1. Does residue 118 satisfy being touching a helix residue (DSSP H, G or I) at 6+ places or on another chain (Cβ under 9 Å), modelled with pLDDT of 95 or more, under 25 Å from residue 218 (Cβ atoms) and surrounded by 13 or more Cβ atoms within 10 Å (Cβ to Cβ)?
2. Regarding residue 22, is this residue under 23 Å from residue 175 (Cα atoms) and in contact with a helix residue (DSSP H, G or I) (Cβ under 6 Å, 6 or more places away or on another chain)?
3. What's the number of the only condition in (1) modelled with pLDDT of 95 or more; (2) in contact with a helix residue (DSSP H, G or I) (Cβ under 8 Å, 6 or more places away or on another chain) that residue 105 fails to meet?
4. Does residue 96 qualify as being touching a residue at least 60 places away in the same chain (Cβ under 8 Å), surrounded by 15 or more Cβ atoms within 10 Å (Cβ to Cβ) and more than 18 Å from residue 27 (Cα to Cα)?
5. Which one is surrounded by the fewest Cβ atoms within 10 Å (Cβ to Cβ) among residues in region 47-61 that are under 14 Å from the mean Cα position of the chain (by Cα) and within 12 Å of residue 37 (Cβ to Cβ)?
6. Looking at (1) more than 29 Å from residue 63 (Cβ to Cβ); (2) out of contact with any strand residue (DSSP E or B) (no Cβ under 7 Å at 6 or more places or on another chain), find the lone condition where residue 119 falls short.
7. Kindly indicate the residue of region 158-210 that is part of a loop (DSSP other than H, G, I, E, B) and on the phi > 0 side of the Ramachandran plot and also surrounded by the most Cβ atoms within 10 Å (Cβ to Cβ) among those meeting that condition.
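The values are calculated or read from the model by the stated rules, or taken from the named source; none is laboratory data. Since we're looking at a predicted model, the values are computed, not measured. Don't worry about glycine lacking a Cβ; one is built from the backbone with ideal geometry, like all the others, and counts go over all protein chains shown.
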């Protein structure tokens, strides 16, 4: 069986074409695959559609916000579209207001479920979240148990860029703490899943199958983060 372990982040993202849909996890800065994003930035792919909890750019480190800032993203699907501080408008807000990037706002729980539904093979689902708001306009509505629901469709991606704590050589992954929020479900919802891994790769069977957060069948490529820096190759955004 061909090894899923690659030697560099640049090699891992080299074939991502223009126009791809990319899923990027991360919750309050935790679990963001900064090395892979830095490599994708160097690679030059453009006209991307990003699916992420937020649009990045908050902490000055490489994330999806750098791709947005440099005009490489045509559309963002995310749960948070505003900066945490109103006085500090980020690139996404400025581009959205100028009509230079398309924005799809999705309630956070609905975003997670749309991604999970894609990985589970669910065709569509109904949720009460968003009923009566702009996020539900134009969508099918149906009443269940006296409460109105709106129909939502799965979110799929061509590529998911993930960050894992541990991995065995087959590609079974473990995530730490809040990195488990979006990393596992995004790995299931993408055609190609690429992972940067913090710890050295271990032999298959090293950790209990009950502790596998994303099975190897969903993982295609992995790169070990070098020991000289947790965000090796991912420079600050100035």
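1. Numbers: touching a helix residue (DSSP H, G or I) at 6+ places or on another chain (Cβ under 9 Å): yes; modelled with pLDDT of 95 or more: yes; under 25 Å from residue 218 (Cβ atoms): yes; surrounded by 13 or more Cβ atoms within 10 Å (Cβ to Cβ): yes.
So residue 118 passes the test.
2. no
3. (1)
4. Values: touching a residue at least 60 places away in the same chain (Cβ under 8 Å): no; surrounded by 15 or more Cβ atoms within 10 Å (Cβ to Cβ): yes; more than 18 Å from residue 27 (Cα to Cα): yes.
So residue 96 does not fit the description; no.
5. Residues of region 47-61 under 14 Å from the mean Cα position of the chain (by Cα): 48-56.
If we keep only those that are within 12 Å of residue 37 (Cβ to Cβ) too, we end up with 48, 50, 52, 56.
Numbers: 48: 23, 50: 25, 52: 26, 56: 30.
The selected residue is 48.
6. (1)
7. To start, the set of residues in region 158-210 that are part of a loop (DSSP other than H, G, I, E, B) comprises 165, 169-172, 175-176, 181-182, 198-201, 203-208.
Retained after the next criterion (residues that are on the phi > 0 side of the Ramachandran plot): 171, 205.
Numbers: 171: 26, 205: 10.
The extreme case among them is 171.
So that you can scan it fast, the table gives a plain yes or no per residue for (1) buried (at least 23 other Cβ atoms within 10 Å of the Cβ); (2) at pLDDT below 85:
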position	(1), (2)
16	no, no
27	no, yes
30	no, yes
34	yes, no
87	no, yes
109	no, no
112	no, no
